[in-house]
1. Going by average Cβ neighbours within 10 Å, how do the peptides 490-501, 249-260, 519-530 rank, with the highest at the top?
2. Let me spell out the model: positive unit charges on the Cβ of Lys and Arg, negative unit charges on the Cβ of Asp and Glu, origin at the Cα centre of the range 202-255. What dipole size does that give, in debye rounded to 20?
3. Round to a whole angstrom and tell me the spacing of the C-alpha centers of the range 566-606 and the range 226-277.
4. Please list the non-local residues whose amide H lies under 5 Å from the amide H of residue 488, H modeled 1.01 Å from N, same-chain partners needing a gap of 5 or more.
5. Suppose every Lys and Arg Cβ carries +1 and every Asp and Glu Cβ carries -1, with no other charges. What dipole size does the chain come out with about its Cα centre, to the nearest 20 debye?
6. Can you give me the C-alpha center-to-center distance between the range 320-363 and the range 67-144, rounded to a whole angstrom?
7. Neighbouring Cβ atoms within 10 Å as the yardstick, rank 156, 595, 319 fewest first.
8. As an exercise, identify the trypsin sites (Lys or Arg not before Pro) in the range 49-157 lying in DSSP coil whose Cβ has no more than 16 other Cβ atoms within 10 Å.
Amino acid sequence: MLKSHTCGELRADHAGQTVTLAGWVNRRRDQGGIIFIDLRDRWGITQVVVDRNVNMQAHDSADRARNEYVIQVTGLVQRRPAGTENNDLPTGSIDVAAASIRILSAAKTPPFYMNDDARIEQEGLDESVRMKHRYLDLRRQRMTRNLVLRHRAIKFIRDALDSQGFIEVETPILFKTTPEGARDFLVPSRLQPGKFYALPQSPQQLKQLLMVAGVEKYFQIARCFRDEDLRGQRQPEFTQLDMELSFVEREDVMQLNERLMTALVEAVTPEKTILQKPFPRMLYKDAMELYGCDKPDIRYDLRAIDISELAGKSGFRVFVENVAAGKPVKVIRAPGLAAIDSKTRIKQIAAELEELAKTAGAKGLAWMALPLEEAGEVQGPIGKFFTVEQKLALFEQAGAEPGDMLLFISDKRDIVWAVTDTLRPHLAKQLNLADPNVLAFLWVIDFPMFLWDEENQRWDPSQHLFTMPMPEDIPLLETDPGAARGSQYDMVCNGFEVAGGSIRIYDRALQEKIFPLIGQTMERAKDQFGHILEAFEYGVPPHGGIAWGIDRVVALLAGEPNIREVIAFPKTQTGSDIMAGAPSEAEAKQLAELFVQVVLPEETQA
């Protein structure tokens, strides 16, 4: 080994020992006859002292070294003089007096600072530069910490599930293309011309087949692939904790995963606080009506309160007509948002929120601002359309207090939901309501089994086509599919879905009832899913499972806003790896071997 200790290992009780360290020059300070080098590796930083009067060779090498040079240092561990200790470093009570320094590798000046995360946060850093030089970005303390956290989280999960009788089974990366909600990545077969494999969107069918095989308790840290448009919490390739169990009901799977998530947080990030234990349960319909989405952030209130009955009796024509047409009127209380003396500023805030609401489909955004004093006037353009009694009833229903702003939303239900979901996180950030060290987990249950696709005139599964209907809703498949609920459950945290699963259909006859509802002929269904339908004829245990988004979970634990920060080599928003230059063109010989011809769109050819 080129090192006897790591750069984060040495303490005062190592004083008097001769050690060898190796790492990167994090910072170098030349004070004439003495050079100080902060030597960095993954484990930490150790200060090296190089005295020209003690060792000229070591000093000459230190004089040539620059930031990010890789060096090897041999020297004596010594206590720092009293008063010169660095309490911000675990190694701050000692330094290493260099007897020899060997430059192992020189380095060009990096394109960005790697030894000052605070400066990067303050000055910003072009994302394309980071992605282009990702191997340098990963040297930064923040990024190294994220990789270590990810490793620890996955190891904890593996050990915990192993202790409960689960076995990890790897499933194929090359599989069959089947409709599962997103576009498949296709892989042409050289040995079978004209045919294609698909990279798995998830191991869904395979893990159900493992239940048929009698595995009973399966898990996998699985790589999944979906060819879909990217955003902050999506990547074309991602990692799941995939899990399936036999002889279970919905409650069994939920409780097991709640215990696992709670133990993971407490073991890996004890500084985080779980808001409620056990995790609260919320019906899908309540989540949509109160928060406008099926993955609400409940660290803060900001609920959309239905005031349709009251608003329909007001003098505001838009509200009256909307209520008569069956469109809801809802109000969100923004606590303290109007607690300022400037009427001009209050109007400006309201105008900014209205523009934001319009991005979600709203035609406008009515508002009221409550005065700071009881005798003050209510501000806002719609105040005059409510009587004093109606205002008092409104304030009571919304829980409004002096200095609050009330935001009114009225339109078709889908637009009301979208506006609510858009305003809530914006207001929470503006009012500093979301504590980053609090994890607000909850379960959302009783999802609709299907959602109607108006364009294609068919029902689409809200999760996937293998989800078991709630037992009491099975008759609705033939009479009213839109009213049927799936035995589905999503674990939500801080506004993100971190895990989702369901009890599965395990009866072939019931599974075959689903295909015509989603626009599949039986002939097509047998072609795509014949393997699993046949398996269902050989004795299938009742089973269910769940999949965690490992990238999302680790991002939440790390306090990162984007899953790219916890993935070693992520793709950009265009699905590109600009470090390696992928995707790239294939050589003509490769394409010929695969019997593939590339036909570009006309605009690309031009």
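1. Top to bottom by mean Cβ count within 10 Å: 490-501, 249-260, 519-530.
2. 160 debye
3. Distance between centres, Cα-based: 33 Å.
4. HN-HN under 5 Å from residue 488: 446, 447.
5. Around 1760 debye, computed over the chain.
6. Computed from Cα coordinates, the inter-centre distance equals 49 Å.
7. Lowest to highest Cβ neighbour count: 595, 156, 319.
8. Of the trypsin sites (Lys or Arg not before Pro), the ones in loops of the range 49-157 whose Cβ has at most 16 other Cβ atoms within 10 Å are 52, 66, 108.
Taken together, the values in this text are just the output of simple stated rules run on the coordinates, not laboratory data. Everything quoted here is computed from the prediction, not taken from an experiment. A quick note on method: Cβ atoms are made from the backbone with ideal geometry, for glycine too, and the neighbour counts reach across all protein chains shown.
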